[in-house]
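Enquirer: Let me begin by handing over the structure; questions about it come next.
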Amino acid sequence: MQREERAMDAALDAILQRVVDIKGSLQELVVKVEREGEQADWPSYLNSFSVISAQIYTLMKLLKNEKTPILRNYLTLPLQLNADPDEKLLVATEGRVPSFSHDFVPNMLRTKPEPDVEQRHLALEAKMAQVNADTAQKQINVHNKVVKHVMDLVNTAREEWETETASRTNQPQTCSINETQALIAALGTGKGFKIRTQPPGPSPTMTQQPPPQINTANKAVSAVKTNIKAATAIHPYSR
Amino acid sequence: MALPMSVPHVGETIESAIKNQIVPDQEFLLQGSVLDTSLGVVIDRLRGLCDNADIPPETFHDHEVVYLLKDFNAPVTPGPAAQGVMLRVRRAVDHPELPYQLRYVGYPELGNYPALLRNCLDVPVSSNVCEFLQELGAKLDHEFMAKGYIMKKGRIKVTVFKMYKVGAGMSKDNLEPLTMSHMVELSVLTTKTDMSVADDLRALADQLKPLVQLERMDYRRLGPP
């Protein structure tokens, strides 16, 4: 929220600056016209016009800037409706606006909605009058339930997404403590490897024989516990 | 580790031990693991951190057989004596001409070290060491395959490997992995007098955070096998 407020303040300051610039250049133009009348210099007019148009352009750019909050979403409300002259306003506007009233700003202070909006409003009101109070109440309840349900769905979805993105930005797991312990236990004590209870008949690995036969010897040794038949069958060098 | 690079190293240590009468028998160790999915990232990082970053890391494929030497006929008494001595025999499957390595590791020492400190003795042996151990009365406890990469940074040995079960119907190519992770080990051999190298170890371990959490975990605390 603070960020939005700060962004709003910054945007308003910038807009105010631009508007003040435009006002200044408009004033210059007005003065120029009044002073020189019909003998005025056309190119100088063009210059003034181009300055004003550039300033309006920058103002538009500023309003379309992505850092600017969407001003349409904000409401401005008049805090005080007074037909008396307001001194502060006079000072701020250099004596031009005595009061923020309907004479000066009819559009901003209007309360009557647009014609088609007004039509729709009237139609809705007529419909409302027809509907029974009970059914209306029931419809309201159902509507509330549906809205609550949708809100719950949206909230749970949002939480899921947030946790998912949070866990994804966290480091993916590269090591597991359980595996570490299992490996260390295996390396240190032989946990996890088959423990031979019977002593092997032939010497298991280290003879002068070439490696393939060592492997078959291994097979015999390791298989002793589980499959005795296979061991005696596989190993050709027994006894 | 039965590797080409360790054999001259062992020769040198034997010579230096004979000359100086000092054998580095203490090992500082830090262990951690990384999931197979993130292995590439860890290897790249280690390549950058370790020596010889321009060549691809050396791979190893070892078969380790662990023997337990204790009095099997005596009644089981509590205490470390009854647990016996674990002797590890490692051979390089991809370099069968290299000697086997017989390794003894002791229990981790108590104390507030940055890494796990334990007694460690590495000896290259001939290929009939298993028969010899069995004649001594040791019994085969378990065996596994380890396949992975080895790198070094100064005196620190960095290994990243996956442990595979060796069992019935297993050939060299048909291995069953133990977990879905690779084990990452940082170790350095030193003597009792030179403890400063543990700080280097810890520094390297910290470089691997948060990909790999390397810590000193005492395997005895992880329960009986």
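Enquirer: I'd like to check something: does the stretch B:73-87 contain any residue that is at pLDDT 90 or above and buried (at least 19 other Cβ atoms within 10 Å of the Cβ)?
Expert: Yes.
Enquirer: When you check A:Val147 against the structure, is it at pLDDT 90 or above and not assigned by TED's automatic domain parsing to the domain that holds A:Lys88, yes or no?
Expert: yes
Enquirer: Confirm whether B:Asp44 is at pLDDT 85 or above, farther than 23 Å from B:Arg220 by Cβ and within 14 Å of chain A (Cβ to nearest Cβ).
Expert: The answer is yes for B:Asp44.
Enquirer: May I ask you to list the residues in the stretch A:57-88 that are within 32 Å of the chain's Cα centre (by Cα), exposed (fewer than 10 other Cβ atoms within 10 Å of the Cβ) and either free of Cβ contacts under 8 Å to residues at least 40 places away in the same chain or assigned to a helix (DSSP H, G or I) (or both)?
Expert: A:Lys64, A:Glu66, A:Ile70, A:Arg72, A:Asn73, A:Leu75, A:Thr76, A:Leu77
Enquirer: For B:Asp122, are the conditions met, namely being away from chain A (no Cβ under 13 Å), open to solvent by 20 Å² or more (accessible area, probe 1.4 Å) and in a strand (DSSP E or B)?
Expert: Judged against the criteria, B:Asp122 is a match.
Enquirer: Sticking with this structure for a sec: List every residue pair whose Cβ atoms lie under 7 Å apart, where the two residues are 6 or more positions apart in sequence or sit on different chains, the first residue falls within the stretch A:108-133 and is at negative phi, and the second residue, located anywhere, is of a type outside the set (S, T, N, Q) and open to solvent by 100 Å² or more (accessible area, probe 1.4 Å).
Expert: A:Leu109/A:His102; A:Pro113/A:His121
Enquirer: I would also like to ask the following. Of the residues in the stretch A:146-186, how many are hydrophobic (A, V, I, L, M, F, W, C), assigned to a helix (DSSP H, G or I) and within 14 Å of another protein chain (Cβ to nearest Cβ)?
Expert: Matching residues across the stretch A:146-186 total 6.
Enquirer: Still on this structure, please answer the following. For residues in the stretch B:129-155 being in contact with a Phe, Trp or Tyr (Cβ under 9 Å, 6 or more places away or on another chain) and not in a strand (DSSP E or B), which is nearest to the other protein chains (Cβ to nearest Cβ)?
Expert: B:Cys130
Enquirer: Same structure again: Say whether the condition of being over 18 Å from the mean Cα position of the chain (by Cα), touching a residue at least 24 places away in the same chain (Cβ under 8 Å), more than 7 Å from chain A (Cβ to nearest Cβ) and open to solvent by less than 40 Å² (accessible area, probe 1.4 Å) is met by at least one residue in the stretch B:177-192.
Expert: no
The values are calculated or read from the model by the stated rules, or taken from the named source; none is laboratory data. Here the structure is a predicted model, which means the values were calculated and not measured. Every residue, glycine among them, receives a Cβ derived from its backbone with ideal geometry; neighbour counts consider all protein chains shown. Quick note on the areas: whole protein, heavy atoms, side chains included, nothing else; ligands and nucleic acids left out. Shrake-Rupley method; radii C 1.70, N 1.55, O 1.52, S 1.80 Å.
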